[in-house]
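Reviewing the structure listed below.
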C-alpha cells in the first residue's frame, strides 16, 4: 500500500487534491481512499488530507502516521507543523515552490504550483487553487498516470485551465 499525506491550508484545494488523486488512481485500475482531517478550520488554517493507493481492496480509513510521500502545498505550514513526522525511511517529499533546502536528509522535489495556478488564473477568493496542478506533479512522480490525472480533473471540473495547470506541473517538475 502506498500512503500519501497532503499538508495545505484551508481554501487551497488540499482536500480536493486528495479526492482527485484517489479518483485518478481508481482510473488507473487501483484501489484508493481519500480522507481529510480537519476540525472547525477556516480558510487559511492548516489542513491535512490522506490518500491510500493499493492493488488490493483497502480496509483502512484513518489518518496516515507513516506516509511514503508527503505533499506540502503551502511551505509556510512547515513553520507550525512537522510535515516530515513519521515519513517512512526512503520516503519522498513534494513541495510547492522552488526551494527544497528546508528538507534536509529527505528525497525532495519542488515545483511552483502557485505560479502555475496564477498563470492559469486558477484563483478563488484571492487564493491560488493548487489541487489540479499538484495532480500533474504526482503523475510525473509516477504515483498515477498523466492520462488518469486528466480524466479525474475533467470528471470534477469542466474548465480546461485545470487540465492545462496539471500539464504544466508535469512538464515543470524536476525529479
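The values are calculated or read from the model by the stated rules, or taken from the named source; none is laboratory data. In this text, all values refer to a predicted model and were calculated from it rather than measured experimentally. Every residue, glycine as well, gets a Cβ built from its backbone with ideal geometry; the counts of neighbours run over all protein chains shown.
List of remarks:
- Leading residue by the ranking (surrounded by the fewest Cβ atoms within 10 Å (Cβ to Cβ)) among those in the range 1-15 that are at pLDDT 95 or above and under 11 Å from the mean Cα position of the chain (by Cα): 7
- For the range 96-109, a residue qualifies if it is free of Cβ contacts under 8 Å to residues at least 60 places away in the same chain, closer than 29 Å to residue 159 by Cα and out of contact with any helix residue (DSSP H, G or I) (no Cβ under 6 Å at 6 or more places or on another chain), and exactly one does: 98.
- Residue 30 vs. criteria at pLDDT 95 or above and closer than 20 Å to residue 10 by Cα: no
- Residue, surrounded by the most Cβ atoms within 10 Å (Cβ to Cβ), within the range 34-61, restricted to residues that are over 24 Å from residue 126 (Cα atoms) and touching a helix residue (DSSP H, G or I) at 6+ places or on another chain (Cβ under 6 Å): 51
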